[in-house]
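Here, each number is a calculation from the coordinates, and none is a lab measurement. Because the structure is a prediction, the values reported are computed rather than measured. Cβ: placed from backbone, ideal geometry, glycine included. Neighbour counts: every protein chain shown.
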């Protein structure tokens with residue numbers, strides 16, 4: 001597969017099959033298939049999500065296969081009239097890694113963020129995930145922060 005054989009595409013409400021394929025690919029890539037496939041929302045929910053202003057899904061497509069995907073959120077700020085874009089998940093199928101797909105997905109997100117007037121894209125990477133840390137280090141400025149999960153129940 002060459003870069004010319006790859007389509008980088010922002011998914012919209014009419015792309016449910018591709019979005020579900022992206023979820024399945026993410027589950028496989030993260031070795032967490034159940035989280036991404038066992039309790040997927042219904043079509044109405046996903047159409048609303050994909051059509052909304054605050055969620056961005058971008059797929060890397062080779063032929064009929066989704067081989068990479070990025071899910072991000074556009075977060076409006078309260079202290080200034082601007083937004084930040086948060087990369088929530090980014091995955092590339094194991095057979096297609098080291099070909100620039102993740103970088104191409106982020107470049108597409110950059111274009112979308114610029115178009116929306118966002119001032120920054122940010123992402124979290126776990127230290128044991130060396131490939132992710134290397135990718136994000138190449139593309140941005142590293143900040144060492146703590147991440148906390150606060151239970152709602």
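Structure values in brief
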item	result
Normalised contact order of the range 3-139, rounded percent, pairs of Cα under 8 Å and 6 or more residues apart	22 percent
Burial ordering of 74, 126, 89, fewest other beta-carbon atoms within 10 Å first	126, 89, 74
Inter-site label distance for residue 55 and residue 24 at 7 Å from Cα along Cβ, in nm	1.9 nm
Rg and Dmax of the chain, Cα atoms only, in Å	15.6, 48
Packing-based order for 110-119, 97-106, 140-149, using average beta carbon neighbours within 10 Å, highest first	97-106, 110-119, 140-149
Net length gained if the chain between residue 73 and residue 145 were fully extended (0.36 nm per residue, minus Cα distance)	24.0 nm
Approximate shape of the range 21-94 as ellipsoid semi-axes (Cα gyration tensor, √5λ), whole Å, largest first	25, 14, 12
Fraction of antiparallel bridges per DSSP, the range 3-139 only, in percent to nearest 5	85 percent
